[in-house]
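The values are calculated or read from the model by the stated rules, or taken from the named source; none is laboratory data. Because the structure is a prediction, the values reported are computed rather than measured. Cβ sites come from the backbone with ideal geometry, for glycine too, and all protein chains shown count toward neighbours. Side chains are part of the model used for accessible areas, which takes the heavy atoms of the whole protein and leaves out ligands, DNA and RNA. Shrake-Rupley method; radii C 1.70, N 1.55, O 1.52, S 1.80 Å.
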Amino acid sequence: MKRSNFIFICADQLRYDALSATGSRVARTDNIDRIATRGATFHRHFTPNQICSPSRATMATGLYPRHHGLWRNGVALDERLPNLWQSLSQAGYATRGVGKLHFQPLLAPAERGMPESLAYWAKPGSERWRGPYFGFDAVDLVMGEANESTRAGHYAAWLRQNHPEVVALYEPEASADSQAEDLREVWKSAVPAELHYTNWIADRAVDFIERQSGREEPFGLFVSFPDPHHPFAPPRPYCDLFQPDHMPRPTIRAGELERMPAYLGNGDDPRKEPYIASGEPQREQGFLLRTDNISAQTLAIAIAHTHGMVQMIDDAVGRLLKALAGAGPLDNTYVIFTSDHGELLGDHGLLRKGPPPYRQLLQVPLVLCGPGIHAGTSVDALTSHIDLFATVASLLRLPAPATDGIDLKPLIDGRATAVRDFLLAEYHPRRDACLYNQSVITKDWRFTRYPNEPAWGELFDLRDDPWEHWNLFGEKEFSGQARKLNSVLDQALPARPLIPNEVLGAY
């Protein structure tokens, strides 16, 4: 029998409860839900870092950011490190990466020759490069979100060559509904949906599936959508599918931010673009916003647009599943859907992402189907992105190097109900050293310390406060619990604020 194929589908900035399969009251993600229905849903799955590149490098290597070295955006992953896609390629799989990879900095200097940098794509003929790259035989790159996607990468080159008139349609000025004055990254994209990068990614993934299905060699495919990452700018019809007035309001508890570390009293400027212009002072990773100065209507539109982007991804996933079924290998293909990290989306009075390791940022959906996985399997154990490499290698019977993760197959098979007592997370800041933080998460508690600012801390009782709205760190009656969890961090993740890997750009 032919060895099983493997498809890894990744969204960007999609929180755990964004799918109908994981509790959303608004989403209609029928196609992603099909993966869950056919297989397993993981209800306590977390990333160890809430920023794009570190999390993506963890998914590929099975290592914590402190071990794979990509500790913040703007740093490159070492190509010599073993990763999932190299293991597949070495085992005889045809491998392809389509969409956003983000293993290298967008702003890396030209002399580094890094294909995921803007400088690389300024060179004549760069569009002819296709790989190999980090274990992929070939790649089709999308670099950036919304109007940023037209600056570099295979999609940008394809768009300029085949539909040059569409490049300007990505800009907010092309929209009849211009940018909101109180949040510049909210608009309705004028780009035709069929030419949007989400469908371009699906087109190339479907083509790869159909071409590979008749071949003897198995395939491994990474399909990575840049959305629903901000800007909140889906094209029609997706920008109009969800009515802002019908969106659930963000969850905020009066006084909650006053109990948090003091830096949450500040935030990025919602009137600024969420990028760092040349010569501009550094801004912290994630461009965290407070929503105090954003109107309820604008925030509701941003939430509706987020659901629209998720719906567009779900439709694209439906096309992939249809191609698998039509070409024959669906029953012999493992399919994973997850996200690199989450989005605050107004909860706590905050938007985007940033240093605080809230559940809305660290917990992401994970659904998995494939040969031997019983339909409707529900996993309530604590699991992490560090586990994905070991688990996929186990399912596909591939040799794999040692990682920081654990093989989750016993959970999938029902032979175990837990594989660990706690999860770990760590955030390294771009600008302010005091924001370095480390977290330990159990089923009942989340504790976070700031080693460079010991007076700061976070402690949440997840039994009574599952979405982390009331910080107990400053209350004496919980000091013993905080000390206990701090000792766990001392043993499992000793403070390491400095990681010796070169910063090549802001991101």
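Values for this structure:
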quantity	calculated
Some residue of segment 475-487 being surrounded by 15 or more Cβ atoms within 10 Å (Cβ to Cβ) and in a loop (DSSP other than H, G, I, E, B)	no
Leading residue by the ranking (surrounded by the fewest Cβ atoms within 10 Å (Cβ to Cβ)) among those in segment 447-468 that are out of contact with any Pro (no Cβ under 6 Å at 6 or more places or on another chain) and aromatic (Phe, Trp, Tyr)	Trp467
Test: residue in segment 418-435 that is at pLDDT 95 or above, more than 25 Å from Ser487 (Cα to Cα) and not in a helix (DSSP H, G or I)	no
From the options Leu368, Leu361, residue that is under 18 Å from the mean Cα position of the chain (by Cα), crowded, with 24+ Cβ neighbours inside 10 Å, part of a helix (DSSP H, G or I) and in contact (Cβ under 8 Å) with a residue 40 or more places away in the chain	Leu361
Condition broken by Thr251, with the remaining ones in (1) open to solvent by 10 Å² or more (accessible area, probe 1.4 Å); (2) in a strand (DSSP E or B) satisfied	(2)
For Lys353: the one exception among (1) open to solvent by 20 Å² or more (accessible area, probe 1.4 Å); (2) among the basic types (Lys, Arg); (3) under 19 Å from the mean Cα position of the chain (by Cα)	(1)
Residues (closer than 22 Å to Leu321 by Cα, open to solvent by less than 50 Å² (accessible area, probe 1.4 Å) and either at pLDDT below 95 or polar (S, T, N, Q) (or both)) located in segment 28-51	Thr29, Asn31, Thr41
Qualifying residues in segment 382-401 (those that are surrounded by 21 or more Cβ atoms within 10 Å (Cβ to Cβ) and of a type outside the set (A, V, I, L, M, F, W, C)) - the one nearest to the chain's Cα centre (by Cα)	His385
Those residues of segment 254-290 which are modelled with pLDDT of 85 or more, in a loop (DSSP other than H, G, I, E, B) and over 20 Å from Pro172 (Cβ atoms), in sequence order	Ala254, Gly255, Glu256, Met260, Pro261, Glu284, Gln285, Gly286, Leu288
Those residues of segment 88-103 which are of a type outside the set (Phe, Trp, Tyr) and either closer than 15 Å to Leu63 by Cα or crowded, with 24+ Cβ neighbours inside 10 Å (or both), in sequence order	Leu88, Thr95, Arg96, Gly97, Val98, Gly99, Lys100, Leu101, His102
Residues located in segment 406-446, provided they are open to solvent by less than 40 Å² (accessible area, probe 1.4 Å) and of a type in the set (S, T, N, Q)	Asn437, Gln438, Ser439, Thr442
Matching residues, segment 171-193, being within 14 Å of Cys239 (Cα to Cα) and in a helix (DSSP H, G or I)	Pro172, Ala193
Test: residue in segment 128-150 that is open to solvent by 20 Å² or more (accessible area, probe 1.4 Å), modelled with pLDDT under 95 and among the polar types (S, T, N, Q)	yes
